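Quick notes on the structure that follows.
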Amino acid sequence: MNNRATGVLVVHSAPRAISSHVEWAVNAIVGVPLRYRWKPSPLVDDAMRVEVYWEAPVGSATKIASTLRGWSDLRFEITEDAGPAALGVHIAHTPSLGLSSVSLDAGGSLVVNEHQIESILQGAGGDLTAVRDGFDRALGGAWERELEPFRVTRNESSLRLLRGVG
């Protein structure tokens, strides 16, 4: 059985002063030095951003998130793909919301399990708005909305680089 997972860590904003500490902490968990190319965060003054790919034992994303959440000023996302026979995970952190963790299937879709569905439906008591709110919480909607401007900025800067090619 393969107990290895691949993943990506995107630090959307980290205070410049702790970027090397983030590297040290992540490298200690994955067991090898990764290549970090920090760039200024376009949305947060004196902050840096980085996207780094890793391979490590299954469960490493949770360990990374647990370590990084100690720095409350970080905005980050970690995705772990555990492979076709296991669920992966998407973890997000923002200073205002803390941590969110949602399971992923082999195709990368978010997973809401039967126990979560039952809890949402029972807690809603037939109120459709409460059902929608429950699913929004289960899928990490608040984190998605807060991090989306950082994702758009990342994508726009990548597109600008590609336009200059050729």
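The values are calculated or read from the model by the stated rules, or taken from the named source; none is laboratory data. This structure is a prediction, so every number in the text was calculated from the model and none was measured. Note: ideal-geometry Cβ built from the backbone for every residue, glycine included; neighbour counts use all protein chains shown.
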Fill in the blank from the handout: Given the conditions (1) among the charged types (D, E, K, R); (2) under 23 Å from L139 (Cα atoms); (3) surrounded by fewer than 21 Cβ atoms within 10 Å (Cβ to Cβ), every one holds for R4 apart from (2)
Handout entry: Positions within the range 67-106 being charged (D, E, K, R), out of contact with any helix residue (DSSP H, G or I) (no Cβ under 6 Å at 6 or more places or on another chain) and in contact (Cβ under 8 Å) with a residue 24 or more places away in the chain, in sequence order
Key = R69, D73, R75, E77, D81
Problem - Condition check for I120: at pLDDT 95 or above, assigned to a strand (DSSP E or B) and crowded, with 16+ Cβ neighbours inside 10 Å - result: no
Practice task
Working only within the range 10-50, note down all residues that are more than 17 Å from D73 (Cα to Cα) and surrounded by 14 or more Cβ atoms within 10 Å (Cβ to Cβ).
Solution key: N27, I29, V30, L34, Y36
Handout entry: Condition met for S72 (surrounded by fewer than 18 Cβ atoms within 10 Å (Cβ to Cβ), at pLDDT 95 or above and over 18 Å from P149 (Cα atoms))
Key = no
Exercise for the section: Filter the range 123-166 for residues that are more than 16 Å from the chain's Cα centre (by Cα), surrounded by 11 or more Cβ atoms within 10 Å (Cβ to Cβ), modelled with pLDDT of 90 or more and assigned to a helix (DSSP H, G or I) and give the result. Expected result: G123, A124, A130, V131, R132, D133, G134, F135, D136
Fill in the blank from the handout: Scanning the range 87-117 residue by residue, the ones that are in a loop (DSSP other than H, G, I, E, B) and surrounded by 12 or more Cβ atoms within 10 Å (Cβ to Cβ) total 6
Completion exercise
With criteria (1) in contact (Cβ under 8 Å) with a residue 40 or more places away in the chain; (2) under 19 Å from S101 (Cα atoms), N3 comes up short on (2)
Exercise for the section: Evaluate the range 49-64: report whether one residue or more is outside any loop (DSSP other than H, G, I, E, B), farther than 27 Å from G107 by Cα and touching a residue at least 24 places away in the same chain (Cβ under 8 Å). Expected result: no
Completion exercise
Among (1) under 23 Å from E146 (Cβ atoms); (2) of a type in the set (S, T, Y); (3) not in a helix (DSSP H, G or I), S19 falls short only on (3)
